[in-house]
There are 2 protein chains.
Amino acid sequence: MIRITFPDGAVREYQKGITALEIAKSISEGLARKVLAASVNGQVWDATRPIEDDSALKLLTWDDADGKSTFWHSSAHLMAEAVESLFPGAKFWVGPAIDKGFYYDIDLGGRQITEEDLAKLEKKMNELVKQNSSYVRKSIPKAEALAYFTEKGDEYKLDLIGGLNDGEITFYTQGAFTDLCRGPHIPSTGPIKAIKLTNIAGAYWKNDSNNKMLTRIYGVTFPSQKELDEYLAMLEEAKKRDHRKLGKELGIFTMDDDIGPGLPLWMPNGTIIIEELEKLAKETEQAAGYKRVVTPHIAKENLYLTSGHLPYYQDGMFPPMELDGTKYYLKAMNCPHHHKIFSAEPRSYKDMPLRLAEYGTCYRYEQSGELFGLMRVRCLHMNDAHIYCSREQFAAEFRAVNDMYIKYFKIFGIEKYVMRLSLHDPAKLGQKYINEPELWLETEDMVRKVLIESNIPYVEVPGEGAFYGPKIDVQIWSTIGREFTLATNQVDFAQGRRFKLEYTGADNAPATPLIIHRAPLGTHERFIGFLLEHYAGKFPTWLAPLQVKILPISDKFMDYANTLLQSLKNADIRAEVDDRNEKIGKKIRDTELMKVPYMFVVGEKEVNENKVAVRRQGKGDLGSMDIDTIINQLKHEIATRSSDQE
Amino acid sequence: MIRITFPDGAVREYQKGITALEIAKSISEGLARKVLAASVNGQVWDATRPIEDDSALKLLTWDDADGKSTFWHSSAHLMAEAVESLFPGAKFWVGPAIDKGFYYDIDLGGRQITEEDLAKLEKKMNELVKQNSSYVRKSIPKAEALAYFTEKGDEYKLDLIGGLNDGEITFYTQGAFTDLCRGPHIPSTGPIKAIKLTNIAGAYWKNDSNNKMLTRIYGVTFPSQKELDEYLAMLEEAKKRDHRKLGKELGIFTMDDDIGPGLPLWMPNGTIIIEELEKLAKETEQAAGYKRVVTPHIAKENLYLTSGHLPYYQDGMFPPMELDGTKYYLKAMNCPHHHKIFSAEPRSYKDMPLRLAEYGTCYRYEQSGELFGLMRVRCLHMNDAHIYCSREQFAAEFRAVNDMYIKYFKIFGIEKYVMRLSLHDPAKLGQKYINEPELWLETEDMVRKVLIESNIPYVEVPGEGAFYGPKIDVQIWSTIGREFTLATNQVDFAQGRRFKLEYTGADNAPATPLIIHRAPLGTHERFIGFLLEHYAGKFPTWLAPLQVKILPISDKFMDYANTLLQSLKNADIRAEVDDRNEKIGKKIRDTELMKVPYMFVVGEKEVNENKVAVRRQGKGDLGSMDIDTIINQLKHEIATRSSDQE
């Protein structure tokens, strides 16, 4: 008998050699149908692989990231089976699961594949699914593996096998298809209920342009047609909400060849959004006791040698400028500059916690191929701050930072979010992680407690902490369900010591502060990119570059429109008059296109009654309203940063 | 007879060979006593030099910059006479007038000069002044000049003569001292009524460290003891108000060796001032119809080749960073970036004038020896904007910019200012100046008219315009009478064309905009440096980093103090409680040192009466006041940006 420990801590005994799938069945048939793979002692296994020793077991389903990626990897094999059947002699390089779906790189022996072929492949895959073939794992001696693919004439798999040792080679077979594969796989093809092959691309073998160009087929699969339909609809919606398209249409930002890639220029409308975000951040941070600073965008090499950015982060930095015999670098992070402000004055425990905030602009080198709209740029306006505190103050400070995140999520209507808490690996203390075992455990525990007490959804990722402390990556989802990495929130034991930061404790002894790095709104670039998609460009009134457009029905009402404009401006409402000589229908349509939250239509009736006919973006006509009433309503909507469009 | 034209346009006839001094005497003896030199056809002459031809004449007195510098140059000769008498055999290199005073570089033949010697020299100079010796100009053939200084054994003057041609060599003699000198000089030593030798320094001959070190003696002189006393008092006061000293004491900014010279880090108190200034600028610019933009701090080489910064301004720029085979430069000016925003969208005459504003941070290379506190830095936060307009719109736009300057001067209590209008030189059109004779005359005339109509004090400087248009340098004086160059305001015909900027005119034809470059608040660096001196660190309440300090007389009143603090914070007033266990006298003294505008002292009486005892910086006790009354008074003082300390 072996002892199996479940995630809830329960321990049960089973026959040696039992599989995760059998254990699931022993619990319930319903559960077994959902099992895609299993985590055995932290490693992902086939659910059908016999377990020989006492183990910690977690059954993996579609709800687990590892369940999904096993599902997609098995789908890649299924696609390969279909390809082999439709393109006999095709040779296969690698076919991994990716963020959403999978691909396989294939040598079709000079044959072209078309969009129509994709439909044929999908059809074939659906047929194969009906056979519900099992994915069968088999350990193969190296000689036998070489013989198999030599006979098949597959130089790609032979190349892969060349890099493997005897004893670690496995084959997986489903139906008529056998592949060299480390696995794991789902039990059988049956659960792959919905299939979409999305794209064909070229990919050089081993990513080297001197090598042969292989055909890469992308696909995505789901356990139900409903999920696939929802996903495809989300993609369609995401296309409409593409931040690059909206960013241009709404005059948010522009790129220019003479400035350089990844260096957005913020147009007047984008700058209004930037300033509203900064105002929100400054108000929030002031209320939370932060102090603001302004630091240069460059510093001497020596600063980054002290911080360790050089040489460890050099690839992510711009190259140096040599001046008066000294190298200067553009800052990639604000922390070293803030540390210098900390150390510019003598500090005592009475000054702690010291919270230094700056919308600092950093420059990071990203490969030009990686640049993407506002999502991946080389110039980043960060909502940055560093909190210097004592160990005793840490938990309260960390909780306050989390509260700030949650507050922002509410303001922006971000309903789904997860914090990924990356921890240290005790085996690597002193190598990958700074050797402070107690501090690690203490802060990890404090962080975990705060997350639990604050009811924040989080996952723990062992062995992925930063060198200098535990790290929290904040993932958020837009209204259409796309995931974004917003920001990180880091605990830092190391920099304080590297920079010799000190404060005098209550006991009169010098102490080194702990540092929290935090940036709840991330960068303007990524956050505004996210917001463009999230709101489909229909910003809530407080963020909208133009809040009210006044539409006079004809020139006769221009005086009234201009008086109205002045009243709105006096109330600090961003407004314009559409003074074009156009029909009211066209004025309304054009204003809708610019996604202005409110339109005030004014004609004979409105002038006579001293009113406006109010139209709300996305809701249409709200009827006729008193000027004072609507202005007060708008002021309230803006002051409360309401995102409520009801 | 020759015809002499006076500055007011009057023309009178005089005997050929008459001198400016004689003309002055013919007008009044009082005037003649004040004449130091004369401007004859735009060149500065000795007032005693015969005028042979019809000429435009301006008599120069102490009130003219050229009058002052002639006075100081003559004072340098006077000092040399004293040096020669006390240090026989001394040899003289050059002795120019400088911004305030003069110096002379002297080879004392190995003798050391002491502070005591300066007193002796001053005494000797005062004796020589009593002799009222004339400064006598004499043209000398080159051979004769060489013979004179060869006999004297003066290799320095021989070196100077070597570079001159026969016919352009003049000697000046006063009393026992003769010097090779281009002149001009004042009529005689008599007017040099007040003398102060201020400093001794070493200076390499010809500024080359391989050469001999000469002794440089600095001095300053005035036509009256009163003026000298005022000047020395001003220097004393300026020392107390030194922005570097105050900047450190008040926590405004810091410098750090690891960041680099000329790169200030703005501490929390300095950042509050920055943010108040930006708020003022943004409000002002928004009301004036500006739109804000945000642009990166770097751009490709190509942008600066188009703008002409490369190669013409390369020495003032940071060296390039080479990335993906392209050179990137830190921006030294924001204009090229703004031009790119102009051209990012199609523009029509309806969009004009387009006013793009940004507190853009620029980086300029200044020699490390030139760097000075906040006054000369390498990182500049500029109150920048570019106005794109048609010719028809230009005058109104330019006037509005000037009005903005004047508005700012009022807010900051800047009572003395002058605009230096630099014009083109028609002889150099197409070389030094863009070849648009009509546009030059038209815009210069418009600019001049606006300055006159707005009653702005200005001086015209022919031949000093920028390449691309007339330039206005704005000079301001601090309360203690020191002069600062605040900002420039430039008209630009050239960049629009270089960047192919276009808008569609009302006639449907493409047109190139005129551009106004303007930065009324200059840079944060220089302006805050100026304000520190101007206010002696005692900022008006709206700008003060801390506006109110609450001083409880003892711990018993802490609750009351904290309630008060909350009321102040609710009213957006920056306040703190002094919660130290110190005597009230010490609390008041420490708060005075930090130059906080208001202190609220609270004790038994105040708690019982629900009041505060108000102390105003520089005015002392204002007596007991209701909390609501003083808060409302403060809110009003802050909202109106009052600088009134009465």
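Only the coordinates and a few stated rules stand behind these numbers; no lab work does. Just so it is clear, the structure is predicted and the values come from calculations on it, not from any experiment. Here the Cβ is made from the backbone with ideal geometry for all residues, glycine too, and neighbour counts use every protein chain on show.
Structure above, values below:
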{"quantity": "Using a 7 Å Cα-to-Cβ projection, A:D166 label spacings across copies, nm, ascending", "calculated": "10.6"}
{"quantity": "Pairwise label distance in nanometres, A:K556 with A:N165, each label 7 Å out on the Cα-Cβ vector", "calculated": "9.2 nm"}
{"quantity": "Position A:R3, label points 7 Å along Cα→Cβ, spacing to each other copy in nm (shortest first, one decimal)", "calculated": "12.0"}
{"quantity": "Pairs beyond 30 Å (Cα-Cα), from A:K34/A:K196; A:K212/A:K248; A:K331/B:K279; B:K34/B:K152; A:K240/A:K587", "calculated": "A:K212/A:K248; B:K34/B:K152"}
{"quantity": "Rounded to 5, the percent of DSSP beta bridges in the range A:2-61 classed as antiparallel", "calculated": "85 percent"}
{"quantity": "Chain A, relative contact order [Cα under 8 Å, separation at least 6], %", "calculated": "9 percent"}
{"quantity": "Nitroxide proxy distance, nm - points 7 Å out along Cα→Cβ at A:L31 and B:E283", "calculated": "6.6 nm"}
{"quantity": "The range B:548-639: relative contact order in percent, alpha carbon pairs under 8 Å with at least 6 residues between", "calculated": "28 percent"}
{"quantity": "Helix-only [θ]222 nm of chain B, DSSP H runs n ≥ 4, -39500 (n - 2.57) each, per residue, nearest 500", "calculated": "-11000 deg cm²/dmol"}
{"quantity": "Rough spin-label spacing in nm, given labels placed 7 Å along Cα→Cβ, for A:K152 and B:Q15", "calculated": "12.0 nm"}
{"quantity": "Label zone at A:S368 (point 7 Å along Cα-to-Cβ), backbone N below 15 Å, the range B:275-317", "calculated": "B:299-303"}
{"quantity": "Relative contact order (%) - criterion: Cα under 8 Å, at least six apart; region: the range B:30-69", "calculated": "43 percent"}
{"quantity": "Cα gyration tensor shape for chain B, rounded if a/c is under 1.5, else prolate or oblate", "calculated": "oblate"}
{"quantity": "Rounded if a/c under 1.5, otherwise prolate or oblate - the range B:548-639, Cα gyration tensor axes", "calculated": "rounded"}
{"quantity": "Euclidean distance of C-alpha centroids, the range B:17-65 and the range A:514-577, integer Å", "calculated": "64 Å"}
{"quantity": "Förster radius 60 Å - calculated FRET efficiency between A:E415 and B:T5, Cβ distance, rounded to 0.05", "calculated": "0.15"}
{"quantity": "Mean-position separation - Cα centroids, the range B:131-183 and the range A:284-331, in angstrom", "calculated": "57 Å"}
{"quantity": "Trypsin sites (Lys or Arg not before Pro) restricted to DSSP loop in the range B:47-111 with at most 16 other C-beta within 10 Å", "calculated": "B:K100, B:R111"}
{"quantity": "Sequence ranges B:278-289, A:599-610, B:378-389, ranked by mean other-Cβ count within 10 angstrom, highest first", "calculated": "B:378-389, A:599-610, B:278-289"}
{"quantity": "Size of charge dipole - chain A - debye, nearest 20, with Cβ of Lys, Arg +1 and Asp, Glu -1, no other charges", "calculated": "400 debye"}
{"quantity": "Cβ crowding within 10 Å averaged over residues, with B:473-486, A:2-15 ranked highest first", "calculated": "B:473-486, A:2-15"}
{"quantity": "Other protein chain Cβ atoms within 10 Å, averaged over every residue that makes up B:313-323", "calculated": "3"}
{"quantity": "Equivalent ellipsoid semi-axes - Cα gyration tensor, the protein assembly as shown, angstrom", "calculated": "70, 36, 36"}
{"quantity": "Three-way shape call for the range B:184-278 based on the alpha-carbon gyration tensor, with the a/c threshold at 1.5", "calculated": "oblate"}
{"quantity": "Residue-span extension gain [B:E442 to B:D315] - 0.36 nm each, minus C-alpha spacing", "calculated": "42.4 nm"}
{"quantity": "Pairwise FRET efficiency - A:K569 versus B:L593, Cβ, R0 = 56 Å, nearest 0.05", "calculated": "0.80"}
{"quantity": "Antiparallel bridge percentage (DSSP; both residues within the range A:364-503; nearest 5)", "calculated": "75 percent"}
{"quantity": "Inter-chain shielding of A:371-381 (mean C-beta neighbours from other protein chains, 10 Å cut-off)", "calculated": "1"}
{"quantity": "Percent antiparallel among DSSP beta bridges (both partners in chain A, rounded to 5)", "calculated": "85 percent"}
{"quantity": "At 7 Å out from Cα toward Cβ: B:Q633 inter-copy label distances (nm, ascending)", "calculated": "4.3"}
{"quantity": "Estimated FRET transfer efficiency (A:N455, A:N207; beta-carbon r; R0 45 Å; 0.05)", "calculated": "0.55"}
{"quantity": "Peptide B:261-274 - average C-beta neighbours from other chains (10 Å radius)", "calculated": "5"}
